[in-house]
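In what follows, a single structure is set out as structure tokens and then discussed.
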Amino acid sequence: MPVISVKRDELFKALGRTYSEEEFDELCFEFGVELDEVTSEKEQIEREQGKEKAKDASDIIEYKIDIPANRYDLLCMEGLTRGILVFLEKIKAPRYKAVTPPHGEIQQLLIQPTTAQVRPHAVAAVLRRVTFTPDNYQSFISLQDKLHQNICRKRSLVAIGTHDLDTVKGPFIYTAKPPGEIKFKPLGQTQEYTAAELMKLYSTDSHLRAYLPIIQDKPVYPVIYDSNGIVLSMPPIINGEHSKITMETKNVFIEATATDLHKAKIVLDTIVTMFSEYCAEPFVVESAEVVQPDGTRVIYPELPYRHEVINVAATNRRVGINLTSDKMAALLSKMCLESEVVDGGQNIRVEIPPNRHDVIHACDIWEDVAIAYGFNNIKMTIPDTNCIADQFPLNKLTDLLRQDVAASGFTEVLTFALCSREDIAEKVGHKIEETKAVHIANPKTAEFQVGRTSLLPGILKTVHYNRNMPLPLKLFEVSDVMYQDPSKDVGVRNERRLCAVNYNTSSGFEIIHGLLDRVMQQLEVQHSHEPEAGYHLEACDDPAFFPGRCANIICRGKPIGQLGVLHPDTVTKFDLNMPCSALEITIEPFL
């Protein structure tokens, strides 16, 4: 869940009351959020970087509050305090309104056809005569960051830009150009750069480098100009220095470019509903006109109010309570969902405001009824249905095999499900293209580049890190490997495998072969050369194994794995210097 940080004293001032830590913790629980931590900037820096770094840091008490991931309206102090005050019935939920300028001078954002190659959608709005203070200015910036990390999926779906409208002149043009043709002074810089130069500049920036891959390989980059050719932003990377927001800004132009128009509308609605509170006319937003490439004109923000009807009896049954329609309607109004009783008390008509985009189904309304009623007030009952839990068959078989292999003198290990490309390819004599491995798009370390397609490399690395232990080292693992599989809905399938390794002064092939026979005995599979009867070995060649010392394990006519003596090249590539034999089979056919 996202976590927001608010100053305790500012929060209590907005709520109109001072709470003890226990009282506020209880209030958070009742409202459906959670007080995660009580700290300060100084305390955090001391904990993370040491006392020396924290000398000049603020010791103002801050509350860190966990917010449900779908409650975008609570990701800033304005939305949180507004929601709590409505919940406490100290204020009524505000009415949000979008208006056009009185003299028809509506701001325009013109979308050019070239944007279809990279980010085709855009929305816009204006906040007029805003009064910024240090606290709400910081909250304004913080909300954008929270939205970027949450619904915007790290700017890949939506990127927000906010600009001082008095420093630029509309109509604004949203277009896309080759990187060499875009040149401007980015936020926080003192000179102009081309877009290509910016990519190099920010490749080492701890904050912005994560967003570069979104457009880096595109033939054109998105950019927004005003009517004088001044660059407002190059989404989703950076805004321009010329139009940056300051404490003196009075009129704010908000634009959001996107690959998902629906989410762009949600983001725009969230920002304007939260911060129109500071406009000269609170909760009133100035509309902007977006002109599509085909000439279609759309007015944003939409700020839609819609209505849903829920059945009182069904809601009581789902939540496990027994409320009258009037009481239920009052509880929903406490959650910023203005409600009225209809149909003679059988149903409730619920108004969904534009800041509650999390309400998409009746069950979301039922959840708010439960929160407002109080989870602790719901009577605990025994379910009508008697469900007896049972272990998943594959896990049950896995646990049984673990016990028997351990009883055979092997020690179990648990290795990482991710590994390097070398581990599953070059080190065992295979080509990475032939492995059907699942690749990580942006691996943070060379050790975790792909999902493992074999358990063997992980065990061999474990042997390497424990090679100073007394010999023999007899290790095993029963876990999943993964493969690309286009027939699956996620494009990947898991396969449960058993792998065992014997590392000693001699290869000990007979030990591994004996373990296979013991496992098959426990699985009640007889040794037989008849195709469909039992299991047997067939000689094979595999670059990971010594020539002539490798065999396929055939069970009921189908190969289920391999065993043999590892090739000296394989052993040395894992920095080992003793002979090693190994067994790896899939256990899923035995279910």
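The values are calculated or read from the model by the stated rules, or taken from the named source; none is laboratory data. Predicted, not measured: the structure shown is a model, and the values here were computed from it. Because the Cβ atoms are built from the backbone with ideal geometry, glycine has one as well, and the counts that use them run over all protein chains shown. Accessible surface areas use protein heavy atoms only, side chains included; no ligands, DNA or RNA. Shrake-Rupley method; radii C 1.70, N 1.55, O 1.52, S 1.80 Å.
Within segment 497-553, count every residue that is of a type in the set (Asp, Glu), exposed (fewer than 13 other Cβ atoms within 10 Å of the Cβ) and outside any helix (DSSP H, G or I).
Residues flagged as of a type in the set (Asp, Glu), exposed (fewer than 13 other Cβ atoms within 10 Å of the Cβ) and outside any helix (DSSP H, G or I) within segment 497-553 amount to 5.
Exactly one of these conditions fails for residue 139: (1) buried (at least 18 other Cβ atoms within 10 Å of the Cβ); (2) closer than 13 Å to residue 236 by Cα; (3) small (Gly, Ala, Ser). Give me its number.
Of the numbered conditions (1) buried (at least 18 other Cβ atoms within 10 Å of the Cβ); (2) closer than 13 Å to residue 236 by Cα; (3) small (Gly, Ala, Ser), the odd one out for residue 139 is (2).
For segment 375-403, enumerate the residues that are open to solvent by 40 Å² or more (accessible area, probe 1.4 Å) and within 30 Å of residue 469 (Cα to Cα).
Of everything in segment 375-403, those that are open to solvent by 40 Å² or more (accessible area, probe 1.4 Å) and within 30 Å of residue 469 (Cα to Cα) turn out to be 399, 400, 402, 403.
Can you tell me which residue within segment 336-355, out of those that are in contact (Cβ under 8 Å) with a residue 40 or more places away in the chain and more than 18 Å from residue 80 (Cβ to Cβ), is surrounded by the most Cβ atoms within 10 Å (Cβ to Cβ)?
350
Among the residues of segment 226-236, write down those that are crowded, with 23+ Cβ neighbours inside 10 Å and assigned to a loop (DSSP other than H, G, I, E, B).
235, 236
Filter segment 356-374 down to residues that are part of a helix (DSSP H, G or I) and among the acidic types (Asp, Glu) and give me whichever is surrounded by the most Cβ atoms within 10 Å (Cβ to Cβ).
Per the stated criteria, the residue is 368.
Say whether the condition of being open to solvent by less than 60 Å² (accessible area, probe 1.4 Å), in a loop (DSSP other than H, G, I, E, B), among the basic types (Lys, Arg) and more than 25 Å from residue 294 (Cβ to Cβ) is met by at least one residue in segment 149-158. Even if it seems obvious, please write down each step before you answer.
Taking segment 149-158 first, the residues open to solvent by less than 60 Å² (accessible area, probe 1.4 Å) are 150-152, 155-158.
Then keep just the ones that are in a loop (DSSP other than H, G, I, E, B); that gives 150-152, 155-157.
With among the basic types (Lys, Arg) added as a condition, the list becomes 155.
From the residues that got through so far, the ones that are more than 25 Å from residue 294 (Cβ to Cβ) too are 155.
Yes - at least one qualifying residue is present in segment 149-158.
In segment 179-216, which residue that is of a type in the set (Lys, Arg) and assigned to a helix (DSSP H, G or I) is surrounded by the most Cβ atoms within 10 Å (Cβ to Cβ)?
This residue is 209.
So, of the residues in segment 303-321 that are outside any strand (DSSP E or B) and among the basic types (Lys, Arg), which turns out to be surrounded by the fewest Cβ atoms within 10 Å (Cβ to Cβ)? Outline the logic, then answer.
First, the residues of segment 303-321 that are outside any strand (DSSP E or B): 303-305, 312-321.
Cutting the leftovers down to among the basic types (Lys, Arg) gives us 317-318.
Working: 317: 12, 318: 16.
Selected residue: 317.
Can you work out which of the residues in segment 463-496 that are in a strand (DSSP E or B), in contact (Cβ under 8 Å) with a residue 60 or more places away in the chain and among the charged types (D, E, K, R) is surrounded by the fewest Cβ atoms within 10 Å (Cβ to Cβ)?
495
What are the residues in segment 404-427 that are under 17 Å from residue 495 (Cβ atoms) and open to solvent by less than 20 Å² (accessible area, probe 1.4 Å), if any?
Within segment 404-427, 419, 424 qualify.
Quick check: anything in segment 238-247 in contact (Cβ under 8 Å) with a residue 12 or more places away in the chain, buried (at least 24 other Cβ atoms within 10 Å of the Cβ), acidic (Asp, Glu) and under 21 Å from residue 141 (Cα atoms)?
no
Within segment 428-441, restricting attention to residues that are out of contact with any Lys or Arg (no Cβ under 7 Å at 6 or more places or on another chain) and not in a loop (DSSP other than H, G, I, E, B), which residue is most open to solvent (accessible area, probe 1.4 Å)?
My answer is 433.
Of the numbered conditions (1) within 22 Å of residue 565 (Cβ to Cβ); (2) of a type outside the set (D, E, K, R); (3) open to solvent by 20 Å² or more (accessible area, probe 1.4 Å); (4) in contact with a strand residue (DSSP E or B) (Cβ under 8 Å, 6 or more places away or on another chain), residue 460 satisfies every one except a single condition; which is it?
(3)
Kindly check whether there is at least one residue in segment 442-457 that is open to solvent by 30 Å² or more (accessible area, probe 1.4 Å), in contact (Cβ under 8 Å) with a residue 24 or more places away in the chain, within 21 Å of residue 584 (Cα to Cα) and not polar (S, T, N, Q).
No, because not a single residue in segment 442-457 is open to solvent by 30 Å² or more (accessible area, probe 1.4 Å), in contact (Cβ under 8 Å) with a residue 24 or more places away in the chain, within 21 Å of residue 584 (Cα to Cα) and not polar (S, T, N, Q).
Anything in segment 322-335 that is open to solvent by 20 Å² or more (accessible area, probe 1.4 Å) and under 15 Å from residue 371 (Cβ atoms)? List them, or say none.
The answer is 323, 327, 330, 333, 334.
When the residues of segment 88-109 are narrowed to those that are crowded, with 19+ Cβ neighbours inside 10 Å and not small (Gly, Ala, Ser), which ends up farthest from residue 168 (Cα to Cα)?
Top of the filtered list is 96.
I'm trying to understand the selection: among the residues of segment 267-282, which are open to solvent by 10 Å² or more (accessible area, probe 1.4 Å) and either touching a helix residue (DSSP H, G or I) at 6+ places or on another chain (Cβ under 9 Å) or in a strand (DSSP E or B) (or both)?
Matches in segment 267-282: 277, 278, 282.
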